[in-house]
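To start, the structure under review is shown below, and the notes come after it.
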Amino acid sequence: MCRWAAYIGKPLYLSDILIAPEHSLIDQSSCANKGKARLNADGFGLAWYSQKKEPGVFKDILSAWSNINLASLADHIRSRLFLAHIRASTGTEVSRTNCHPFIVERWSFIHNGLIGGFERQRKLADMAIPGPLYHHRKGTTDSEAFFLIALSLGLETDPHGAMLKTIQCFQDFTTDQLHMRLSIAMSDGYRLYAVRYSTELSAPSLFYKMHQSKDGYSVASEPYDTDFEVWNVVSNNSFCTFHAKDAPIIVPLIAQNYTAA
């Protein structure tokens with residue numbers, strides 16, 4: 001499994017989250033606490049938003065702790081909204097095209113978890129990506145396919161509904177019981193969305209906290225510092241919306257009273 005962290009709020013240096021904390025994302029790349037894999041060394045990636053609509057992106061197949069450029073970049077880039085991911089492959093090759101975040105225009109997407117039996121569903125998943133989006137299919141991961149299908153199912157206008165429709169789409173690929181574990185962060189450059197969902201009892205971990213200055217939120221697969229009391233646990237089957245100046249909105253991902261647009 002992978003580890004990730006995301007932030008929205010008053011601009012800060014990426015290193016304030018990726019490097020400086022006691023259990024930073026860089027530290028988690030070699031010593032994660034909450035994931036099944038303590039070692040996350042199959043590449044990393046960053047997406048950050050500034051004045052342009054589309055995010056900046058940096059990816060590499062090296063482990064996050066061994067890349068000589070990452071520390072310098074993180075210490076010089078300030079951003080109001082960014083996503084960072086360290087990868088532990090669940091079977092697909094280690095390559096830049098398989099490293100998160102995945103980007104389409106203003107959207108960025110990162111994922112921890114897996115879609116069980118994806119190797120048997122890959123052709124159907126690829127066929128479900130419409131032609132205008134398929135040229136964005138650079139790698140072979142279930143995460144990238146999930147993202148592109150979600151974009152085709154209304155992510156731009158209804159992120160919550162698109163998540164529901166995409167889960168249903170993958171369920172329709174198989175007659176077997178689908179095993180799905182999702183811990184997702186994604187952004188359109190204005191808001192930060194997060195999802196925690198699993199068809200099993202154990203869902204990938206997800207936490208968030210408000211910064212002490214009350215000018216931003218961090219969302220992460222596990223706390224990146226030891227001040228655990230300020231972190232809130234997101235329950236399974238949750239869809240979260242974060243905005244820099246508003247309280248987070250956390251609702252059930254799948255609820256009987258929710259109808260996708």
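From the list Ala128, Ala162, which one is open to solvent by 20 Å² or more (accessible area, probe 1.4 Å) and modelled with pLDDT of 95 or more?
Details: Ala162 fails: open to solvent by 20 Å² or more (accessible area, probe 1.4 Å).
The conditions single out Ala128.
Just for the stretch 165-190: of the residues that are within 19 Å of Ala255 (Cα to Cα) and under 13 Å from the mean Cα position of the chain (by Cα), which one is surrounded by the fewest Cβ atoms within 10 Å (Cβ to Cβ)?
Only one residue fits best here, namely Arg181.
Out of everything in the stretch 45-92 that is in contact with a Phe, Trp or Tyr (Cβ under 6 Å, 6 or more places away or on another chain) and open to solvent by less than 10 Å² (accessible area, probe 1.4 Å), what residue ends up being modelled with the lowest pLDDT?
Checked the stretch 45-92; the qualifying residue modelled with the lowest pLDDT is Ala64.
Go through Ala185, Ala194, Ala162, Ala145 for me and flag whichever is farther than 30 Å from Ala244 by Cβ and of a type in the set (A, V, I, L, M).
Of Ala185, Ala194, Ala162, Ala145, the one residue that is farther than 30 Å from Ala244 by Cβ and of a type in the set (A, V, I, L, M) is Ala145.
Which one is surrounded by the most Cβ atoms within 10 Å (Cβ to Cβ) among residues in the stretch 131-159 that are of a type in the set (Gly, Ala, Ser) and closer than 21 Å to Gly116 by Cα? Walk me through how you get there before you give the answer.
Residues of the stretch 131-159 of a type in the set (Gly, Ala, Ser): 131, 139, 143, 145, 150, 152, 154.
From the residues that got through so far, the ones that are closer than 21 Å to Gly116 by Cα too are 139, 143, 145, 150.
Details: Gly139: 16, Ser143: 27, Ala145: 25, Ala150: 24.
Among them, the one singled out is Ser143.
Being open to solvent by less than 50 Å² (accessible area, probe 1.4 Å), modelled with pLDDT under 90 and either of a type in the set (Asp, Glu) or farther than 30 Å from Gln51 by Cβ (or both) is the requirement here; does Gly116 meet it? Even if it seems obvious, please write down each step before you answer.
On the way: open to solvent by less than 50 Å² (accessible area, probe 1.4 Å): yes; modelled with pLDDT under 90: yes; either of a type in the set (Asp, Glu) or farther than 30 Å from Gln51 by Cβ (or both): yes.
So Gly116 fits the description; yes.
Tally the residues that are more than 24 Å from Met180 (Cβ to Cβ), modelled with pLDDT of 80 or more and either assigned to a helix (DSSP H, G or I) or open to solvent by less than 10 Å² (accessible area, probe 1.4 Å) (or both), restricting the search to the stretch 10-43.
Counting residues in the stretch 10-43 that are more than 24 Å from Met180 (Cβ to Cβ), modelled with pLDDT of 80 or more and either assigned to a helix (DSSP H, G or I) or open to solvent by less than 10 Å² (accessible area, probe 1.4 Å) (or both) gives 9.
For Tyr193, state whether it is under 16 Å from the mean Cα position of the chain (by Cα), open to solvent by 10 Å² or more (accessible area, probe 1.4 Å) and closer than 28 Å to Glu54 by Cα. Write out each step before concluding.
Details: under 16 Å from the mean Cα position of the chain (by Cα): yes; open to solvent by 10 Å² or more (accessible area, probe 1.4 Å): yes; closer than 28 Å to Glu54 by Cα: yes.
Criteria met by Tyr193.
The values are calculated or read from the model by the stated rules, or taken from the named source; none is laboratory data. None of these values were measured; they are calculated from a predicted model. Note that each Cβ is placed from the backbone with ideal geometry, even for glycine, and that neighbours are counted across all protein chains shown. All accessible areas refer to the heavy atoms of the entire protein, side chains included, with ligands and DNA or RNA removed. Shrake-Rupley method; radii C 1.70, N 1.55, O 1.52, S 1.80 Å.
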